[in-house]
1. What pairs come out if I take residues in segment 372-393 that are within 12 Å of A473 (Cα to Cα) and pair them with residues that are hydrophobic (A, V, I, L, M, F, W, C) and not in a loop (DSSP other than H, G, I, E, B) whose C-beta lies under 7 Å away, six or more apart or interchain?
2. If we scan segment 324-333, do we find a residue that is buried (at least 20 other Cβ atoms within 10 Å of the Cβ) and free of Cβ contacts under 8 Å to residues at least 60 places away in the same chain?
3. Can you tell me which condition C321 does not meet? The list is (1) hydrophobic (A, V, I, L, M, F, W, C); (2) within 28 Å of the chain's Cα centre (by Cα); (3) assigned to a loop (DSSP other than H, G, I, E, B), and all the others hold.
4. Does segment 345-390 hold any residues that are under 25 Å from the mean Cα position of the chain (by Cα) and farther than 19 Å from I402 by Cβ, and which are they?
5. If you scan segment 178-196, which residues turn out to be crowded, with 17+ Cβ neighbours inside 10 Å and farther than 15 Å from V465 by Cβ?
6. Kindly list the number of the only condition in (1) outside any helix (DSSP H, G or I); (2) within 26 Å of N188 (Cβ to Cβ); (3) modelled with pLDDT of 95 or more that fails for G368.
7. Hey, could you check segment 377-399 for residues that are surrounded by fewer than 20 Cβ atoms within 10 Å (Cβ to Cβ) and out of contact with any helix residue (DSSP H, G or I) (no Cβ under 7 Å at 6 or more places or on another chain) and say which is nearest to A338 (Cα to Cα)?
Amino acid sequence: MLGRGRGFFKGDEGAVAPLAAIAIIGLVGMGALAWDVSRAFAYRGELDAAADAAALAGATQLDGGTTALTRATNAARNALVSNNQALGKTPGAVSFAAADADILFLKGLPSSTTSNRTTTASEAVYIQVDLKPSRNQMGLIAGALFRTSTFNVGAHAVAGYGAALCLVPPIMICNPNEDTSPSFDGDNYTGKAFVLTPPPSGHTQWGPGNFGFLDVGSGASAVQDAMGRITPRTQCFGSSVVTEPGNITSADDWFNTRFDIYRGSAGGNKNDPEFAPSLNTIVGAKENDGNPSCTPSISVPNYDCSNSTAVSSGYGLPIDCDMSSASVTVGNGTWNAAKYFATNHGGSGSPNPTTYTPEVPSSPPYAGSGWNAYGPVPVSGATSPTRFQVYNWELAMLAGTIATPAWAFSDPASNVNPPSGNKDFARPTCNRTNLTQANPDRRRISAVVVNCRADDVRGSTTVHVIANVDFFAIAPAVSAVIYGEFIGQSSAAVGATLGVPTRRFWVRLYE
């Protein structure tokens, strides 16, 4: 008996069973933990996707408009409400509710820098969406061992809105209001004249009133294609651009082809449809005044507002009345519309342009009635109509989309403009390869705006774009100075009106 007892206690049959039982418990636990972790990662992925979708939806609304922040917030919250990710959830799980999101707006990155936050619509270029940590029912297996089937998780996403100008002349202007504001609000300038002067020589810093060219390559052909061609052969200009050092002496010649003027290096392209002018080429230059019709005499635009007497030698669109000093680079929007009308539309019964209500074509360029159908409403205190509105009204008559009043162009069918005898032609007389309005509009110019002092622009410099804007070319460039009237900040609608994708938009995730 004693032997058998000793054998029983020394036997090892079945010794693996307890170990196997313990191992199975561990394996089951590891499997349950793996299940829980995979479901947790699945839910975290869904939460990240929801935050990303909300941020991207909100970023599409950050166009700098006064209601941009409200629209962006609504778009982000609506995306959260409609987001129906379901992979990691079980029936009855907590959904991604809009109330669970914190939404902030940023003017720069990274989002962790609190000084980058903004509540100003014109500054906001990024939206930050943070989904608050939430307890979500996951049907956890291992969690059940610890009497829990939930866990906390949140998500973070930052998306930005961007835009680029494409197929436009490579022009950059310094923010005229940089001394008081680093942002640019185009609503403050509509209808005002700008006199854009070339940058200083050498490595002197640029300032308000300067304009320059952007780097599009080297050589005369690059300048020709960028400044003179109807559809410029330039790259898109996005959030940062590189300036072109120095003045480009031939730029005037190519810029002025839009006015049917073909001087110097542009003279050989007067029969090229790629360099055709605008349909409306009134510049105040008398025909055959000592020069062939392709090279009329041009001068600096007039600014005198002392009288409204017609000018027999011709009178193109003037700059603003307060721009007698070269130091004034942005006018007040008041110009001598009466003198322009008396000279160019001074037939019997000619009305006061500020009280006249023009006919509106069946498809007006802009929404509105009267003059407002031909261009944006000017700022308070500026002359109505704006020069851009008058230009579009004249285009409508030349194109035949509205009737020509008896007191307007003396003989538009023969291209002769005013009845005063100066024979300033309304239609092109030199390059007549395109007898319709060029598309895009040759006298409408897009440009980028930068803070020249903040970016310390000197020669070739990489600068940050703060706005994309549109100008109306009032007159031909003279001695590398461009004369324009501010139309407004570029928009998708403007691009559609021009018939070419001049402005392109995108949104992207950054965090």
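1. Listed by first residue and then by second, the contacts come to R387/F472; R387/I474; F388/F472; F388/I487; Y391/F472.
2. no
3. (2)
4. Scanning segment 345-390 gives P376, V377, P378, V379, S380, A382.
5. Y189, T190, G191, K192, A193, F194, V195, L196
6. Of the numbered conditions (1) outside any helix (DSSP H, G or I); (2) within 26 Å of N188 (Cβ to Cβ); (3) modelled with pLDDT of 95 or more, the odd one out for G368 is (3).
7. Initial filter on segment 377-399 (surrounded by fewer than 20 Cβ atoms within 10 Å (Cβ to Cβ)): 377, 379-381, 384, 399.
With out of contact with any helix residue (DSSP H, G or I) (no Cβ under 7 Å at 6 or more places or on another chain) added as a condition, the list becomes 377, 380-381, 399.
On the way: V377: 19, S380: 19, G381: 16, A399: 24 Å.
Checked segment 377-399; the qualifying residue nearest to A338 (Cα to Cα) is G381.
Conditions tested, residue by residue: (1) closer than 27 Å to P182 by Cα; (2) touching a residue at least 40 places away in the same chain (Cβ under 8 Å); (3) within 21 Å of the chain's Cα centre (by Cα).
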site: P428; (1), (2), (3): no, yes, no
site: N431; (1), (2), (3): no, yes, no
site: D441; (1), (2), (3): no, yes, yes
site: R444; (1), (2), (3): yes, yes, yes
site: A447; (1), (2), (3): yes, yes, yes
site: D455; (1), (2), (3): yes, no, yes
site: I466; (1), (2), (3): yes, yes, yes
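The values are calculated or read from the model by the stated rules, or taken from the named source; none is laboratory data. Just so it is clear, the model here is predicted, and its values are computed rather than measured. A quick note on method: Cβ atoms are made from the backbone with ideal geometry, for glycine too, and the neighbour counts reach across all protein chains shown.
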